[in-house]
Amino acid sequence: MVLTTHSHWDHSGGNAEIASKLGDGVPIVAGRNDGVETCTKPVGHGDVLELGRISISVLDTPCHTAGHVCYLAKLNAEDQVAEPGVVFTGDTLFVGGSGNLNSGTPEQMAHALHSVLGGLPDETRVFCGHNYTAKNLRWALQIEPENRAAQEKLQQAEELDSRKEFIHSTIGQEKSFNPFMRAALSSIQEWAGTPGDASAALLKVRQGKDAWGRSLQL
């Protein structure tokens, strides 16, 4: 099967070609509210797909696009293998960052990050759609310059980038250094000037990162 997190061309543009190479009848899976043109199997939150010994749970995370979904893959329980699941987060959660709020609200993104993804076990491994890690963590350190976890992950990211290797993290790691995941914390809300409001703090983090990114191009 072909798993599609959302409709943007860089995530769905190759679906038809991939399916043609895999053979007739291969399902192209995508969020039912996202308008992926090649989708043959629309899915929504709570749906479970089976691929051999792997169970894949669908997580609704709308905001970056209206029907964005993430996929949590785990070995079937009967295998009795004690290993964490893997979540494919598309453009909702990046290592150290988050996707733009193109088609939703700060409240939707806060729910996706803090409740849906943040509610997964801390050891769940995160694989995202783009490697913006070093830039994301440099911004995180603008907000929390003494955050040791962010400092260490940035060093790791720079080393892996130099070898052209992709980086991943875990949900627990993201909670330790990702300012979007940490927007419910008082320290981030104090920086944002939004005490008691995680969604407003997340929006300030987003707006601040966008402005900071533009300043680097001047």
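The values are calculated or read from the model by the stated rules, or taken from the named source; none is laboratory data. No experiment lies behind these values; they were computed from the predicted model shown. Backbone-built Cβ (ideal geometry, glycine too); neighbour counts: all protein chains shown. Heads up: the accessible areas ignore ligands, DNA and RNA and are worked out on the full protein's heavy atoms, side chains in. Shrake-Rupley method; radii C 1.70, N 1.55, O 1.52, S 1.80 Å.
Values for this structure:
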{"quantity": "Test for LEU137: is it within 26 Å of GLN155 (Cα to Cα) and either in a strand (DSSP E or B) or aliphatic (A, V, I, L, M) (or both)", "calculated": "yes"}
{"quantity": "Residue selected from segment 1-19 under the condition in a loop (DSSP other than H, G, I, E, B) and of a type in the set (Ser, Thr, Tyr), by the criterion nearest to VAL69 (Cα to Cα)", "calculated": "THR5"}
{"quantity": "Unique match (being acidic (Asp, Glu) and touching a residue at least 60 places away in the same chain (Cβ under 8 Å)) among GLU190, GLU123, GLU159, GLU107", "calculated": "GLU107"}
{"quantity": "Residues satisfying the stated conditions in segment 44-73, i.e. among the small types (Gly, Ala, Ser) and either under 15 Å from the mean Cα position of the chain (by Cα) or buried (at least 16 other Cβ atoms within 10 Å of the Cβ) (or both)", "calculated": "SER55, SER57, ALA66, GLY67, ALA73"}
{"quantity": "Residues of segment 157-169 classified as over 14 Å from the mean Cα position of the chain (by Cα) and either open to solvent by 70 Å² or more (accessible area, probe 1.4 Å) or within 13 Å of ASP122 (Cβ to Cβ) (or both), total", "calculated": "7"}
{"quantity": "Single match in THR89, THR124 (criterion: within 16 Å of the chain's Cα centre (by Cα), open to solvent by less than 20 Å² (accessible area, probe 1.4 Å), farther than 24 Å from SER7 by Cβ and among the polar types (S, T, N, Q))", "calculated": "THR124"}
{"quantity": "Residue in segment 142-152 that is surrounded by 19 or more Cβ atoms within 10 Å (Cβ to Cβ) and either hydroxyl-bearing (Ser, Thr, Tyr) or closer than 14 Å to LEU113 by Cβ (or both) present", "calculated": "no"}
{"quantity": "Hey, ALA66 without any contact (Cβ under 8 Å) to a residue 24 or more places away in the chain and more than 25 Å from GLY85 (Cβ to Cβ) or not", "calculated": "no"}
{"quantity": "Single residue of LYS21, LYS41 found to be of a type in the set (Lys, Arg) and surrounded by fewer than 16 Cβ atoms within 10 Å (Cβ to Cβ)", "calculated": "LYS21"}
{"quantity": "Residue list for segment 170-218, filter: open to solvent by less than 40 Å² (accessible area, probe 1.4 Å), part of a loop (DSSP other than H, G, I, E, B) and not basic (Lys, Arg)", "calculated": "ASN178, PRO179, PHE180, MET181, ALA183, THR194"}
{"quantity": "Residue ID - surrounded by the fewest Cβ atoms within 10 Å (Cβ to Cβ), chosen from residues in segment 24-38 that are in contact (Cβ under 8 Å) with a residue 24 or more places away in the chain and charged (D, E, K, R)", "calculated": "GLU37"}
{"quantity": "Filter pass, ILE167 being part of a helix (DSSP H, G or I) and either touching a strand residue (DSSP E or B) at 6+ places or on another chain (Cβ under 6 Å) or not aromatic (Phe, Trp, Tyr) (or both)", "calculated": "no"}
